Amino acid sequence: VGVAKMRKKKIIITIDGPAGAGKTTVAKAVAKRLGFLYLDTGAMYRAMTLKALKARITAEEKERLVEMVNETILIVKKDEKKGMRIWTDGQEVTDKIRTEEVTNNIWWVCKVKEVRNKAKRMQKDIGSDGRIVVEGRDIGTVIFPDAPYKFYLDASIEERAKRRWLEQKNKGMETSDMEKLKQDIEKRDKSDMERELAPLKKADDAVHVDTTNLSIDGVVDKILVYIRKEKV
Ligand code: C5P
């Protein structure tokens with residue numbers, strides 16, 4: 001038996017795709033059904049963006065950003081009840097990173113090499129034992145290119161805007177105009193797809209799932225059926 005076969009295979013499931021494709025809900029549900037850990041990688045970029053904004057660092061101040069990122073202690077913990085929680089420098093920021101201001105500023109933080117490398121080291125470390133569902137933009141392509149199960153979730157822009165709108169409504173937030181939501185999502189997709197480092201794209205060996213006409217359960221079932229058929 002070859003060394004590769006003897007090495008116990010780490011089960012990592014990657015879920016990538018554009019904003020509003022249903023990644024978070026689906027990744028959480030898949031992890032729950034399998035008893036796996038769930039890792040939201042966007043939260044790491046959000047946490048660093050929040051800290052940069054608090055320090056009044058701007059998109060033009062790359063040096064200040066790199067310095068800040070280098071000295072930031074970023075910690076991710078699993079909470080049995082509340083799911084993944086995140087801390088910067090001893091302060092929990094799990095809920096504070098979900099603001100529109102953070103969302104609108106991530107693009108200039110997450111394109112910086114030092115920022116991505118810090119996130120990459122953490123993600124690789126957390127995923128090293130396997131039995132994990134990792135959600136993001138570059139997980140199947142850059143972070144875990146050897147993962148045995150990769151999925152790329154997508155949906156029409158109309159459907160994704162509609163989901164964001166419903167999300168805002170359900171959270172009791174003020175809802176945005178549908179056209180504005182579409183524009184915001186398209187803008188974010190464009191910068192995620194066109195950045196130089198780790199751009200958003202489907203890994204060649206990822207399974208493409210169009211979630212436009214599927215329910216959450218429908219997508220989760222599709223993924224689980226695929227995983228079971230392949231192996232386990
Ligand atoms: O998934 P979420 O909406 O929280 O991600 C926020 C942003 O963080 C994305 O639009 C993207 O710019 C960035 N991101 C990234 N790489 C990841 C996850 C998120 O660049 N793996």
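Since every read-out is calculated from the coordinates, none of them should be taken as a lab result. Keep in mind the model is a prediction, meaning the values are calculated, not measured. Every residue, glycine among them, receives a Cβ derived from its backbone with ideal geometry; neighbour counts consider all protein chains shown.
Key figures
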{"read-out": "Check on residue 158, more than 19 Å from the chain's Cα centre (by Cα) and either farther than 23 Å from residue 45 by Cβ or surrounded by 15 or more Cβ atoms within 10 Å (Cβ to Cβ) (or both)", "value": "yes"}
{"read-out": "Residue in region 63-70 that is within 20 Å of the chain's Cα centre (by Cα) and within 16 Å of the ligand (Cβ to nearest atom) present", "value": "yes"}
{"read-out": "Cβ pairs under 8 Å, 6+ apart, first in region 181-192 and over 12 Å from residue 160 (Cα atoms) and touching a residue at least 40 places away in the same chain (Cβ under 8 Å), second within 11 Å of the ligand (Cβ to nearest atom) and outside any helix (DSSP H, G or I)", "value": "188/18; 188/19; 191/111; 192/18; 192/19; 192/137; 192/199; 192/200"}
{"read-out": "From 186, 196, residue being farther than 17 Å from residue 152 by Cβ, within 14 Å of the ligand (Cβ to nearest atom) and outside any helix (DSSP H, G or I)", "value": "196"}
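So that you can scan it fast, the table gives a plain yes or no per residue for (1) more than 10 Å from the ligand (Cβ to nearest atom); (2) in contact with a strand residue (DSSP E or B) (Cβ under 9 Å, 6 or more places away or on another chain); (3) under 20 Å from residue 15 (Cα atoms):
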| position | (1), (2), (3) |
| --- | --- |
| 95 | yes, no, no |
| 127 | yes, yes, yes |
| 131 | yes, yes, yes |
| 143 | no, yes, yes |
| 147 | yes, yes, yes |
| 171 | yes, no, no |
| 179 | yes, no, no |
